[in-house]
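The values are calculated or read from the model by the stated rules, or taken from the named source; none is laboratory data. Just so it is clear, the structure is predicted and the values come from calculations on it, not from any experiment. Cβ sites come from the backbone with ideal geometry, for glycine too, and all protein chains shown count toward neighbours. For the accessible areas, the whole protein counts, side chains as well, though only heavy atoms, and no ligand, DNA or RNA atoms are used. Shrake-Rupley method; radii C 1.70, N 1.55, O 1.52, S 1.80 Å.
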Amino acid sequence: MASSSLLSGAVDVLTAFDADHTEWRLSDLSRHLGVPTSTLHEQLLALVETGLLVRVARGRYRLGWRLLKLSSALYGSLPWYAPAHAAMERVARAAHRLAFLCVLDAASGRVLCIARSVQGRDGPPVAGELDFELPAHATASGKLLLAHAGQPLPRPAVTFTPSTVTDAGTWAAQAQAIRAEGYAVTADEWAAGTASLAVPVRGADGGVLAALGVSLPTRHLREREALLRALQDAADAVSWELGYRAVTTGRLRGAS
């Protein structure tokens, strides 16, 4: 079995790939990870042998097709993913905003953006548009998921802007309001000029499976009520399909 250090190294290599880095040269990846080229080369060869990476040219690597198989298996194991993804696409088309689905990794407390849609979006890019991991305490999806999980602020709670919530008492009050009102909203908390809204997608037992949200320039929060209703309608439809029957309780109080 691979040692924990070898496994950790492999994870670091794989997570270095993203929308901005679909291909890495050995030397560049070595500098990025701070790993000697000799050590990194061995890790890359092992990942190529497993099919998780593919060597496309001398010293250049891309993600392998086996990852697609693994991701398909993951999404196939989540019965809520397909309807939630379809709902996200509808919201993006109707609202002309960046829409996304996020989940809370209970083991680590991290908020992960597992899908996003830019279909029909108007306006310039917004903060975190390509990020896989989101700051839980500075985004609407993160706050929504933390609040419903009954989790405290992350420690340390990084201050991104003067509006970022880092005080435990302030967060406790916000979490209570999120649970009561059925949605979360942020404005200029992750980056100046960026706002976000999110509502829960619930399973048959009422548990929150994911956050369905949109991101937009803060100046466009005047559209908040219409966006919240679009999000809630979409999330309600998915939750109903999954067997949840109490979606109107406390719905969007204070949204207007």
field: Residues located in the range 79-110, provided they are small (Gly, Ala, Ser) and not in a helix (DSSP H, G or I)
entry: ALA99, ALA106, ALA107, SER108, GLY109
Flag if VAL35 is assigned to a loop (DSSP other than H, G, I, E, B), aliphatic (A, V, I, L, M) and open to solvent by less than 50 Å² (accessible area, probe 1.4 Å): yes
statement: Scanning the range 173-192 residue by residue, those free of Cβ contacts under 8 Å to residues at least 60 places away in the same chain and either touching a Lys or Arg at 6+ places or on another chain (Cβ under 8 Å) or over 16 Å from LYS143 (Cα atoms) (or both) turn out to be GLN174, ALA175, ILE178, ALA184, VAL185, THR186, ALA192
task: Could you list all residues from the range 64-93 that are open to solvent by less than 80 Å² (accessible area, probe 1.4 Å) and of a type in the set (A, V, I, L, M)?
output: LEU67, ALA73, LEU78, ALA82, ALA84, ALA86, ALA87, MET88, VAL91, ALA92
- line: Scanning the range 42-61 for residues that are of a type outside the set (Gly, Ala, Ser) and exposed (fewer than 14 other Cβ atoms within 10 Å of the Cβ), the one nearest to GLU133 (Cα to Cα) turns out to be THR50
- request: Filter the strands (runs of 3 or more DSSP E) completely within the range 155-237 down to those with at least 1 residues that are of a type in the set (D, E, K, R) and open to solvent by 20 Å² or more (accessible area, probe 1.4 Å).
  value: 194-202
